[in-house]
Amino acid sequence: MKNRREETFVESYGVGPILLSVAGLVAVIVGVQQGVLHVAPGYQGTINASAEAFDRRKWLLAGVGIAGVAGAVASLRRKRLSVVPVAAGAVVVFEAVRTIVLAATGLPYPLFTETTYRRSGDPVMFVLGAEPFLLVAGGCLFVAAGVAGLRRRRGRETGDELSSPPSTSL
């Protein structure tokens, strides 16, 4: 068992969940600015999918990420609020999986298979971009932040009390 002096900064102040949730927020913010689909390297072509516009879906994912960070911060006071980053992570991962399924089924061209582009007749291959992978990574970081917040122990719960327990005399 560790002494009070041997505890690290992260353990003593409980900032581990906050650091994990901030990393998850960064992954989500960077992820929503990337493209869902790309043309594979070695092929010519571009996909114009409004990468410049920050649409409603991207704002909602960023808001869910901010709520996850706020839940991790609030979990320092109330341990039960650690479920907020877990829920935020679940929403982000669900959205990433939903995006992959919609991209795979909604395209007129198959993913990861060489095909000819109908307008020019050139060979082309569509692959997943960075967005789904970064969203899954961000969602997993949020879940890890929530689990770390739930597993965190308070000083009194571990027996590290500052004073001796009260004595009872009969």
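Below are the figures for this structure:
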read-out	value
Unique residue being assigned to a helix (DSSP H, G or I), within 23 Å of Ile29 (Cβ to Cβ), in contact with a Pro (Cβ under 9 Å, 6 or more places away or on another chain) and open to solvent by 40 Å² or more (accessible area, probe 1.4 Å) when the list is Val136, Val143	Val143
Complete set of residues in region 17-41 that are open to solvent by 20 Å² or more (accessible area, probe 1.4 Å) and at pLDDT 80 or above	Ile18, Leu19, Leu20, Val22, Ala23, Leu25, Val26, Ile29, Val30, Gln33, Gln34
Which listed residue is in a helix (DSSP H, G or I), without any contact (Cβ under 8 Å) to a residue 40 or more places away in the chain, open to solvent by less than 70 Å² (accessible area, probe 1.4 Å) and within 21 Å of Gly138 (Cα to Cα), from Arg57, Arg98	Arg57
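The values are calculated or read from the model by the stated rules, or taken from the named source; none is laboratory data. Predicted model only: the values in this text are computed from it and were never measured. Positions of Cβ are generated from backbone atoms using ideal geometry, with glycine treated the same way; all protein chains shown enter the neighbour counts. Calculation scope for accessible area: heavy atoms of the full protein, side chains included, ligands and nucleic acids excluded. Shrake-Rupley method; radii C 1.70, N 1.55, O 1.52, S 1.80 Å.
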